[in-house]
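See below for the structure under consideration.
The values are calculated or read from the model by the stated rules, or taken from the named source; none is laboratory data. Keep in mind the model is a prediction, meaning the values are calculated, not measured. Here Cβ is always computed from backbone atoms with ideal geometry, including for glycine, and neighbour counts include all displayed protein chains. The accessibility values were calculated without ligands, DNA or RNA, using every heavy atom of the protein model including side chains. Shrake-Rupley method; radii C 1.70, N 1.55, O 1.52, S 1.80 Å.
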Amino acid sequence: MSNIYLGYHFTVSPKELGSEILIAELGEKPFESFIETENGFTAYIQKELWTEDILNDIYLLESTEFIISYTIEEIEQVNWNEEWEKNFEPIDVDGLCHVRAPFHPKTNAEFDIVIEPKMSFGTGHHETTHMMIQHLLETNVTNLKTLDMGCGTAILAILAEMKGANLIDAIDIDNWCYLNSIENAERNNCTKITVYEGDATLLKGKKYDIIIANINRNILLNDMQQYVDCLNKHGILLLSGFYIEDIPVIDKSCTEKGLTYIKKFERNNWVSLKYVN
């Protein structure tokens, strides 16, 4: 007999940070799978494990910093692959980088990346990932020691290796992202990426020529000194995960620590900044 599932279709704004926090909270409940959608995600739970008060103590639903709504649907049986495939379209960045799922046909793009995000974020669809790809595409990373901080699916670490980066560390605090990054690195035949589970405390004593940090404003500001301490002379720092209105506070933090602003990308009110040491 097939299990009956309930699908909670969440609309979240701001999407990326809000979805990340909400999924972490729901992960403490019996929800067993999360599928990213255009405006948020769908969370699935077996009906027999559901209770009427299951969302009562979810902190984010009471937060004024996010706008969250949801609908509930009863589903007889869930084909996870089908659900995921329905919501994943291949993307193209500047005609140079093609990001696709394993079931999409290969293209002749210079950099063809295969990503299976599962419960991790970072498919290239979000504005911040898209802009970070743009930065990497125009940056010479040949033989550079590289850090992908808050790696998600490891898409940026994978692109860095494809472009010739030498030794690459990919770090994420989320266990699912850690496991998914290892899978995606293997899927793209990467041999120079080492994935770690943890936060900026893992950076002590390490040095990099380029640091990629696509996280969120508060974490970036909290960890900025550690990034700068790890950056070699003339090293590059690529930042994203925040809005245009956050630029002044991010820029102040960077310039106070001796970094020089180089350029920015903007996309739908999101922004990505490039600095050098």
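Quickly run through segment 223-242 and pick out the residues that are in a helix (DSSP H, G or I) and open to solvent by less than 10 Å² (accessible area, probe 1.4 Å). Give the derivation first.
Initial filter on segment 223-242 (in a helix (DSSP H, G or I)): 223-230.
Those that are in a helix (DSSP H, G or I) and open to solvent by less than 10 Å² (accessible area, probe 1.4 Å): Met224, Tyr227, Cys230.
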Scan segment 7-55 for residues that are open to solvent by 50 Å² or more (accessible area, probe 1.4 Å) and either touching a helix residue (DSSP H, G or I) at 6+ places or on another chain (Cβ under 7 Å) or in contact (Cβ under 8 Å) with a residue 60 or more places away in the chain (or both) and jot them down. His9, Leu17, Glu20, Ile21, Ala24, Pro30, Asn39
Contact list, first residue from segment 171-194 and within 17 Å of Ala160 (Cβ to Cβ) and free of Cβ contacts under 8 Å to residues at least 60 places away in the same chain, second anywhere and among the charged types (D, E, K, R) and not in a strand (DSSP E or B), beta-carbon distance below 7 Å, six or more apart or interchain, is Cys190/Glu161; Lys192/Glu161; Ile193/Glu161
What tally of residues in segment 206-218 results from selecting those that are open to solvent by 70 Å² or more (accessible area, probe 1.4 Å) and either among the polar types (S, T, N, Q) or within 17 Å of the chain's Cα centre (by Cα) (or both)? 2
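Does segment 57-67 contain at least one residue that is buried (at least 17 other Cβ atoms within 10 Å of the Cβ), modelled with pLDDT of 90 or more and under 15 Å from Phe34 (Cβ atoms)? Spell out how you get there, then give the answer.
The initial filter retains those residues of segment 57-67 that are buried (at least 17 other Cβ atoms within 10 Å of the Cβ), namely 60, 66.
Applying the additional criterion that residues be modelled with pLDDT of 90 or more yields 60, 66.
Right, trim to under 15 Å from Phe34 (Cβ atoms) and you get 60.
Yes; the residues of segment 57-67 include at least one that is buried (at least 17 other Cβ atoms within 10 Å of the Cβ), modelled with pLDDT of 90 or more and under 15 Å from Phe34 (Cβ atoms).
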Pairs please, first residue from segment 233-259 and within 24 Å of Lys145 (Cα to Cα) and modelled with pLDDT under 95, second anywhere and of a type in the set (A, V, I, L, M) and open to solvent by 50 Å² or more (accessible area, probe 1.4 Å), Cβ atoms under 9 Å, 6+ apart in sequence or on different chains. Gly241/Leu17; Gly241/Ile219
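Pick from segment 243-277 the residues that are among the charged types (D, E, K, R) and in a strand (DSSP E or B): which of them is least open to solvent (accessible area, probe 1.4 Å)?
Our first condition is that a residue be among the charged types (D, E, K, R); within segment 243-277, this holds for 245-246, 251-252, 256-257, 263-264, 266-267, 274.
Okay, now just the ones that are also in a strand (DSSP E or B), so 263-264, 266-267, 274.
Working: Lys263: 60, Lys264: 86, Glu266: 100, Arg267: 90, Lys274: 30 Å².
The qualifying residue least open to solvent (accessible area, probe 1.4 Å) is Lys274.
Going by the structure shown, is Arg217 within 22 Å of Ala157 (Cα to Cα), in contact (Cβ under 8 Å) with a residue 40 or more places away in the chain and in contact with an Asp or Glu (Cβ under 9 Å, 6 or more places away or on another chain)?
No; evaluated as a whole, the condition is false for this residue.
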Within segment 193-205, how many residues are buried (at least 16 other Cβ atoms within 10 Å of the Cβ) and in a loop (DSSP other than H, G, I, E, B)? 1
